[in-house]
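Just below is one structure, and these are the notes that go with it.
The values are calculated or read from the model by the stated rules, or taken from the named source; none is laboratory data. It should be emphasised that the depicted structure is a prediction, and the values quoted were computed from it without experimental measurement. Cβ placement follows ideal geometry from the backbone for every residue including glycine, while neighbour counts extend to all protein chains displayed. To get the accessible areas, we keep the full protein, side chains included, count just its heavy atoms, and leave off ligands, DNA and RNA. Shrake-Rupley method; radii C 1.70, N 1.55, O 1.52, S 1.80 Å.
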Amino acid sequence: QVQLVESGGGLVQAGGSLRLSCTASGSIFGMYSMGWYRQAPGKQRELVADITNGGITNYANSVAGRFTISRDNAKNTVYLQMNSLKPEDTAVYYCNTRHIVGPYWGQGTQVTVSS
């Protein structure tokens with residue numbers, strides 16, 4: 001079992017920035033990537049960005065150049081720096097880890113961007 005605890009969501013004006021954090025605990029040795037997904041009302045959950053244990057990153061086209069994912073392996077923590085936020089970035093953001101026994105999810109944190 002892996003537990004993921006997220007923090008950092010909130011309300012921000014368009015053009016502003018937020019940083020999300022997610023710390024993993026439990027059976028972390030089976031993890032091979034960490035990432036962020038988001039789900040807006042009435043829409044499917046979608047990948048925002050992920051990063052492998054080796055530091056290889058992957059971004060959705062809609063956030064590339066605005067968001068940056070990073071991780072601190074010593075702290076078992078992944079970060080999502082979100083800049084130039086747009087109203088369409090409004091969603092619940094979920095931390096995710098890909099693990100040898102399957103994916104794990106955080107509880108989600110709300111990000112709201114006002115126009």
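Assorted remarks:
- The mean accessible area for residues of the chain, using a 1.4 Å probe and ignoring ligands and nucleic acids, is 52 Å² per residue.
- For segment 78-95, Karplus couplings with θ = phi - 60° (6.51, -1.76, 1.60), whole Hz, Gly/Pro x: 10, 10, 10, 8, 10, 10, 6, 5, 10, x, 6, 7, 4, 4, 8, 9, 10, 7
- Relative contact order of the chain, defined on C-alpha pairs under 8 angstrom at six or more residues apart (%): 36
- If you run the Gaussian network model on the chain, springs between alpha carbon atoms under 10 Å, then out of Asp72, Asp50, Asp89 the most flexible one is Asp72.
- Approximate shape of segment 28-100 as ellipsoid semi-axes (Cα gyration tensor, √5λ), whole Å, largest first: 22, 14, 10
- Rounded to 5, the percent of DSSP beta bridges in the chain classed as antiparallel: 90
- Nonpolar atom fraction for the chain, defined as the carbon and sulfur part of the 1.4 Å probe accessible area, stands at 50 percent.
- Extension gain from Arg98 to Asn83, taking 0.36 nm per residue of separation minus the Cα-Cα distance: 2.8 nm
- Nonlocal amide H pairs with Val2, under 5 Å, H built at 1.01 Å: Ser27
- Estimated FRET transfer efficiency when R0 is 25 angstrom, pair Ser62-Gln1 (beta carbons, to 0.05): 0.20
- Amide hydrogen neighbours beyond the local backbone of Arg71, cut-off 5 Å, H modeled: Tyr79
- Simple label model, 7 Å out from Cα along Cβ direction - Asn53 to Ser17, nm: 3.1
- Residue of Gly42, Gly26, Gly102 that the Gaussian network model of the chain assigns the largest fluctuation, springs spanning Cα pairs under 10 Å: Gly42
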